[in-house]
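> Sharing a structure with you now.
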Amino acid sequence: MALEKALISAGIDILSSTVGLVAGKVYDHLTNKLKDGDSANEKLRQIIVRDLNDIKSKLDCLSLKDLDSSYSFLKEGVELLNLAIDQWNEDQKASEGRTDEATRVMNDTASGILNAALSLPQEIRKLKISSDKRFVSAQDCFKASREAATHAFNNKSLSIKDRIMACKLRIAARILESGLEDPEAATTASLLSLKELHGLSAIQEMFAVFLKGGLKSMLKKTERFENIMSVLFINHALYDFASKYTSKSHYLFTWPGIELKDRTFHPILHAREIVTKTFSSEEFVQQLNRVVVDSRIKWATFAVNSRGEIIIQDDDKITVIYSTGESKDFMLPDPLDCSNVVEQSRMHVAVDSNDNVYAVRQLTACDKNGSDKKDFVLYAFDDNYNIKHVSVLDFPNARQLLCVDIAVDKNQNLIMLSLNNQVYICETTGKLKFQFKLDEGYICNSLSIFNNIDIMIISYDRSAVQIYSTEGNLKSTLKVPEGHQVVRVAFHHGTCKIIVLTYVGEQNSWFLLGYSETGELENSVFFRKRDPWQYSWEMNMKSHPSGPLAVAVYESITFI
């Protein structure tokens with residue numbers, strides 16, 4: 001009993017000295033009970049539990065004070081910012097010939113404000129001097145919000161869920177405070193906040209348990225998943241902002257990771273691992289628009305357009321997966337001079353800078369004599385997927401060829417590469433302009449366009465990427481590091497980098513390498529381990545001149 005008295009008394013002293021919440025009659029009652037050696041332990045326990053619960057409730061309120069203050073300041077700043085935007089819009093309407101309007105921040109949830117903040121710089125740059133005072137007042141509120149969120153994030157008594165929310169508020173406030181005028185500085189500061197979040201042991205443990213699976217992962221499963229989703233949402237939203245509004249080209253390779261026991265988890269490149277491990281993937285993907293999971297992607301020939309839509313080619317149709325997750329099929333009709341089609345095979349699909357779509361397939365028809373006749377057929381669609389024309393190509397020898405790659409350059413040259421090393425430069429109608437033959441073999445499915453005009457292919461031994469002019473001149477060769485084998489190559493127009501996907505057999509892993517336009521290797525990052533059932537060359541990669549670069553892995557595509 002003496003030990004019990006000592007522990008309870010010490011606990012009361014600590015709680016009292018810390019928050020001054022246990023005093024008066026409660027303290028006297030408990031002290032008297034202990035002094036008298038009261039054996040009514042159940043009553044004593046009830047009193048202690050009741051008051052400790054009351055203390056915990058009040059402690060929670062104190063702990064959440066900074067978080068609540070941050071959110072209040074953020075909402076106040078948003079209201080002032082909306083006033084500034086409304087005033088600017090009114091001034092615009094009063095000015096002759098000016099009809100464009102800036103967009104208000106409509107969503108008052110933390111995630112909604114973060115999303116709005118990350119899309120506002122173009123609007124804020126429109127604001128005139130007439131709304132500067134309100135804009136400055138809004139910035140003061142955002143600064144106060146950021147400071148309060150920083151205090152909340154560093155409060156170790158908060159739950160991990162609340163600290164994630166504090167990070168979200170901190171980044172939203174930072175973007176609204178300074179990112180509207182200096183996106184690069186705001187991104188740099190926000191990345192420091194992300195590093196601190198990723199460095200929390202609770203975050204690292206959370207991801208490690210989820211990815212490893214097993215019995216432990218079944219405990220608090222829903223709570224863990226929601227927290228992981230929140231962390232990834234912050235990462236993807238900030239990555240979108242950095243991609244749109246900063247000039248830095250290295251974020252893909254230097255983005256802060258989450259350190260696990262055996263590797264570093266990349267929140268952008270490796271998000272698909274989380275998506276494919278959950279039954280809530282549909283809801284999850286809606287928030288992470290850089291990850292698309294669809295069974296039709298498996299083994300697919302695909303392309304992407306400027307709107308982030310995925311165009312998949314099948315034997316008899318193209319399927320468009322829209323950014324909303326909805327999809328629609330567009331059939332590939334047989335040409336008039338190809339009757340009695342007995343077999344059809346997809347080849348490749350490409351999208352030009354205006355989002356026109358080109359697809360090539362091989363048709364096998366039975367002629368009057370009962371013999372098979374093989375033809376390559378080109379289909380052209382406009383940016384709304386209305387078919388423009390269908391052409392039977394009369395130059396490739398379809399009977400001898402198994403595969404044709406296609407791509408479109410900025411001069412509207414349709415480039416076709418066949419397995420006999422022949423390169424065909426055509427008009428988008430399929431009319432042949434000229435052709436040339438490569439000096440050596442190449443890897444099928446490797447054709448892409450460098451900097452909108454030159455041709456990139458993978459060397460036959462997979463040791464290099466070769467760049468040719470459309471006249472057939474070899475301009476440069478990009479050697480990959482020893483031990484790497486080139487799997488795919490594409491030009492990332494947003495970062496002006498040549499992205500090379502390689503496979504390293506000794507590590508049983510894929511990597512992404514970043515080369516400058518002059519062919520210098522600048523960065524590399526681990527992409528993923530190869531599963532036992534996968535081939536090393538199984539992945540695919542495509543880009544668009546006005547859109548993202550997409551990497552396809554099995555049944556998922558990640559935009560980077």
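> In whole percent, what relative contact order does segment 182-248 give with Cα contacts below 8 Å and a gap of six or more residues? Each step should come with its number before you reach the end.
Working: 24 pairs, mean separation 36.3, N = 67.
Across segment 182-248, relative contact order equals 54 percent.
> Further, regarding this structure: Starting from the Cα of residue 412, step 7 Å along the direction of its Cβ; do the same at residue 295; then give the gap between the two resulting points in nm.
4.1 nm
> For segment 407-553, calculate the relative contact order in percent as a whole number, restricting contacts to Cα pairs under 8 Å that are 6 or more residues apart. Let's see the in-between values first.
Working: 325 pairs, mean separation 20.0, N = 147.
Computed value for segment 407-553: 14 percent relative contact order.
> How big is the charge dipole of segment 180-293 about its Cα centre, in debye rounded to the nearest 20, if each Lys and Arg gets +1 on its Cβ and each Asp and Glu gets -1 on its Cβ?
Values: 13 positive and 13 negative charges, 103 e Å.
For segment 180-293, the charge dipole is close to 500 debye.
> Using Cα pairs closer than 8 Å and at least 6 residues apart in sequence, work out the relative contact order for segment 129-278, in percent. Intermediate results must be reported in sequence, preceding the final value.
Numbers: 133 pairs, mean separation 31.7, N = 150.
Contact order relative to length: 21 percent.
> Cα atoms only, segment 159-294: Rg and Dmax in Å?
So, for segment 159-294, Rg and Dmax equal 14.8, 49 Å respectively.
> Could you work out the local net charge near residue 260, counting Lys and Arg as +1, Asp and Glu as -1, over the other residues with Cβ closer than 12 Å to its Cβ?
Values: positive: 212, 261, 263; negative: 205, 259, 262, 273.
Value of the local net charge: -1.
> For segment 426-432, take each phi angle, set θ = phi - 60°, evaluate the Karplus expression 6.51 cos²θ - 1.76 cosθ + 1.60, and give the result in whole Hz per residue in order, putting x for glycine and proline.
10, 6, 5, 7, x, 6, 6
> Multiplying the sequence separation of residue 323 and residue 156 by 0.36 nm and subtracting their Cα-Cα distance, what value in nm do you get?
Details: separation 167, 0.36 × 167 = 60.12 nm, distance 3.88 nm.
Once the chain is fully extended between residue 323 and residue 156, it gains 56.2 nm.
> Counting only other residues whose beta carbon sits under 14 Å from that of residue 544, what net charge do I get with K and R as +1, D and E as -1? Intermediate results must be reported in sequence, preceding the final value.
Details: positive: 307, 410, 542; negative: 309, 352, 355, 383, 409.
Here the charged neighbours net out to -2.
> Calculate the dipole size of segment 503-560 relative to its Cα centre from +1 charges on Lys and Arg beta carbons and -1 charges on Asp and Glu beta carbons; express the result in debye to the nearest 20. All intermediate terms of the calculation are to be shown ahead of the outcome.
Details: 4 positive and 7 negative charges, 37 e Å.
Dipole size: approximately 180 debye.
Every number in this text was worked out from the coordinates using simple rules, so none of it is lab data. Fair warning: this is a prediction, and the values are worked out from it, not measured in the lab. Backbone-built Cβ (ideal geometry, glycine too); neighbour counts: all protein chains shown.
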